[in-house]
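Reviewing the structure listed below.
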Amino acid sequence: MIVLGIESSCDETAAALVNEKKEILGEALLSQEEHKVFGGVVPEIAARSHLDHIDNILEQCFAKTNLSLADIDAIAASSGPGLIGGVVVGVMTAKALSIALNKPFIAVNHLEGHALAARISNEVTFPYLLLLVSGGHCQILVVKDVDKYERLGTTIDDAVGEAFDKVAKMLGLGYPGGPAVEKLAATGDENRFTLPRPLIGSQDCNLSFSGLKTAVRKIVETYASDGEIAHADIPKHDLADICACFQYTATDCLCRKLKRAITYFKEKYPKGKNLVVSGGVASNTYLRTKLQKLADDNDLVFAAPPIRFCTDNGVMIAWAGLERFRKGYTSELDFKPRPRWPLDSEAPKAAGAGGVKA
């Protein structure tokens, strides 16, 4: 069984071919560079870039294999949530291939792609506890099975990845900001500044990063002259300390809420044995180290996708599509791309009269 996966929900145009043996038969990815000058992703530019490059990405993906389009069994596409212009490009491409090849189309929730990604390279069994952290999402979930999720907590404002990017912008570190903050933090003093931990005293698993981000801004503003912040005038060791303190505090917030989630998970799902992290922020090695210790302390097995599969990619969509296809879940051709699509909501399953079946 071979599934083609297409990803175009934000600023990566990607495709991959994956089989049921967890072998990545081919892949191609283009990270859009056009957004750097704006300090963030511009939806219209992203959509046009996806449209310009999707055909070439598919060609590159197959060129690395001895396969042709006739060899695939299904086509999966990231169908939401995401920037709707880009999502439409990927979904319409997948539908066109589905019609032309008479192969099933599988609408994949982009978040499910992240949620199942660790199962490609790790022995992760259901149920497992998942921390999903990216630029647009921050959730703690129990992954009970494919298409079966229980959300324990979420951010009430900013996602942690968004907070990383905005702190980087405050400090003049460019975009994307997460890797730049992590690199500087490695040389800084994480105990120099005391930053707030929003919602840390609440009895739920929800998170908040807006107040933490604001506290960092107040520190940065102490370097302002005549109301203007000259990033070049902030000493490098101060930049490193700010980054270290922010990273330490954000990670501590995540770990404290996860500890509460672990207590619930072990009581309700005693057979569960894995703590998994996924999403773009899961590539942060400092966070991975802290989560490894948290798992060890609570007799859980920590797992994460390879770093290159933490950010958006075609492999995770192909794999999620394959997992869904094995369950018999395909999608109708009138499926509408979704800018919002909660992971714990009802997902499209078996195709009806309007769908294409194998």
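The values are calculated or read from the model by the stated rules, or taken from the named source; none is laboratory data. Worth saying up front: this structure is predicted, and the values here are computed from it rather than measured. Ideal geometry is used to build each Cβ from the backbone, glycine not excepted, and the neighbour counts take in all protein chains shown. Only protein heavy atoms, including side chains, enter the accessible area calculation; ligands, DNA and RNA are left aside. Shrake-Rupley method; radii C 1.70, N 1.55, O 1.52, S 1.80 Å.
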### Query
Could you say whether any residue in the stretch 27-40 is more than 27 Å from L173 (Cβ to Cβ) and either in contact with a helix residue (DSSP H, G or I) (Cβ under 8 Å, 6 or more places away or on another chain) or of a type in the set (F, W, Y) (or both)?
yes
### Matching residues in the stretch 194-228 - criterion: being of a type in the set (F, W, Y) and either within 26 Å of A261 (Cβ to Cβ) or outside any loop (DSSP other than H, G, I, E, B) (or both)
F209
### Task
Kindly establish whether K103 is part of a strand (DSSP E or B) and open to solvent by 20 Å² or more (accessible area, probe 1.4 Å).
no
#### Entry: Hey, L51 open to solvent by 30 Å² or more (accessible area, probe 1.4 Å), farther than 18 Å from D71 by Cβ and part of a strand (DSSP E or B) or not
no
### Query
Does the stretch 70-87 include one or more residues that are farther than 24 Å from G328 by Cβ, in a helix (DSSP H, G or I) and open to solvent by 50 Å² or more (accessible area, probe 1.4 Å)?
yes
### Query
What pairs come up if the first residue lies in the stretch 37-58 and is of a type in the set (S, T, N, Q), the second is at pLDDT below 95, and their beta carbons are under 7 Å apart, counting only those six or more places apart or on different chains?
S49/Q32; S49/E34
## Note on the structure
Of the residues in the stretch 238-283, those that are touching a Gly at 6+ places or on another chain (Cβ under 8 Å), in contact (Cβ under 8 Å) with a residue 60 or more places away in the chain and open to solvent by less than 10 Å² (accessible area, probe 1.4 Å) number 7
## Note on the structure
Screening L130, L152, L116, L141 for residues that are over 12 Å from G280 (Cα atoms) and open to solvent by 10 Å² or more (accessible area, probe 1.4 Å) leaves only L152
